[in-house]
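Engineer: Structure incoming, see below.
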Amino acid sequence: MVLALQRLCTSAISCHNYQMFNWSKNRRRKRILTGPWPVAWETILTSSVGHFKGLSAIEQGKLRDITQIIVGEKNWEAHDGLAMSDEIKVTISGNAALLLLGVENYYFDHVSTIIVFPYPMRRETQDGLIVGGKTHHAGEAWQSGQVVLSWQDVVSDSRHAFDGRNLVIHEFAHCLDGIDGEMGGSLHFDDPATSERWRQVCNSEFEALKTAAQLGQPTLLDYYGATNMAEFFAVASETFFENPRQLKHQHSELFGLLVKYYHVDPRSWMPQIR
């Protein structure tokens, strides 16, 4: 995923600008990490981020750092009477950090604002803004840099690790998908052969899920993944972190490619919790 960012540096001038921008970000992040880690935040991670207890000590330390940077870097907005709090920020950031445990020096750089509603929101879009509407949405991710979440769903999903659902993982997977400028389910791996294999496996799995959804057949992957390729990647990522053993058993090659992409294997987090 970081490789895609590096490919944006295509000329001497753009490379220089990228390096200066990167230096500024790294300096800011070092300053954030020099701040104290509040005791209350540890309690929030332990009680509200279900995966946290299953991580190794090294992974827990990295997740704390990622969480601290996401909390400190992003703009946070609460709407419809919800009061923004450290519990909201740390719970959301801690879940989002799970997706970054296997990479270095990337913190959802293209996400600028995290918008939280108390419940699933009724909305329609107008130039990327929430303006009201008829359909309830638990969450959304926008290419323009906003992530919208229902706090009710975040809490329910976050506290029950490995139950198959995690709204934060789903929406922030969309953000990773959008690194190349389009949320379309197309991923870039370290080598072209793996990228091509991802395309082939993804297309095959997507068509199989669509068929199963049409026939009403039971599936591990949520039917919502049959909506389009972007939703397939988000659903596959959600399943990867929430049902890793079942995904390995039922969709072995898809699981293996996601291990390569995220550079983690969530199966190792499960025994210590259960």
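Engineer: Taking Kirkwood radius over Cα pairs in Å as the quantity of interest, determine which of (i) 19.9; (ii) 19.4; (iii) 18.5 was computed from the displayed structure.
Structural biologist: (ii)
Engineer: Which residues in the stretch 47-69 place their backbone N less than 13 Å from a point set 7 Å from the Cα of SER85 along the Cα-to-Cβ direction?
Structural biologist: 48
Engineer: Lysines near LYS25 by alpha-carbon distance under 24 Å, same-chain residues fewer than 8 away left out - which ones?
Structural biologist: Straight-distance partners of LYS25: LYS62, LYS74, LYS89.
Engineer: Pairs of Cα atoms under 8 Å, at least six residues apart: use those to get the relative contact order of the chain, whole percent. Please list the in-between numbers first.
Structural biologist: Working: 384 pairs, mean separation 49.9, N = 274.
The normalised contact order for the chain reaches 18 percent.
Engineer: What relative contact order, as a whole-number percentage, does the stretch 44-126 give when Cα pairs under 8 Å and 6 or more residues apart are counted?
Structural biologist: On the way: 74 pairs, mean separation 32.0, N = 83.
Relative CO of the stretch 44-126 lands at 39 percent.
Engineer: From the helices alone, meaning DSSP H stretches of at least four residues, give me the mean residue ellipticity at 222 nm for the chain, per-run term -39500 (n - 2.57), in deg cm²/dmol to the nearest 500. Before the final figure, lay out each step's value.
Structural biologist: Working: 11 runs with 141 residues, N = 274.
Result for the chain: -16500 deg cm²/dmol, rounded to the nearest 500.
Engineer: Quick one: compute the contact order of the stretch 142-253, relative version, from alpha carbon pairs under 8 angstrom and 6+ residues apart, as a percent. Walk me through the numbers before you get to the answer.
Structural biologist: Values: 113 pairs, mean separation 33.9, N = 112.
Computed over the stretch 142-253, the figure is 30 percent.
Engineer: Counting only other residues whose beta carbon sits under 13 Å from that of LYS89, what net charge do I get with K and R as +1, D and E as -1?
Structural biologist: -3
Engineer: Run down the lysines and flag those whose C-alpha is under 29 Å from the C-alpha of LYS210, throwing out any fewer than 8 positions away in its chain.
Structural biologist: LYS134, LYS248, LYS260
Engineer: Between GLN217, GLN143, GLN68, find the one with the highest GNM mean-square fluctuation for the chain; connect C-alpha pairs within less than 10 Å.
Structural biologist: Looking only at GLN217, GLN143, GLN68, the biggest GNM fluctuation is shown by GLN217.
Engineer: Length gain on complete extension for the stretch TRP76 to THR43, per 0.36 nm per residue less the alpha carbon to alpha carbon distance? Before the final figure, lay out the partial values.
Structural biologist: Details: separation 33, 0.36 × 33 = 11.88 nm, distance 2.07 nm.
Net length gain for the segment: 9.8 nm.
No lab work stands behind these numbers, since they all come straight from the coordinates. None of the values given here were measured: they were computed from a predicted structure. Neighbour counts run over all protein chains shown; Cβ positions are idealised from the backbone, glycine included.
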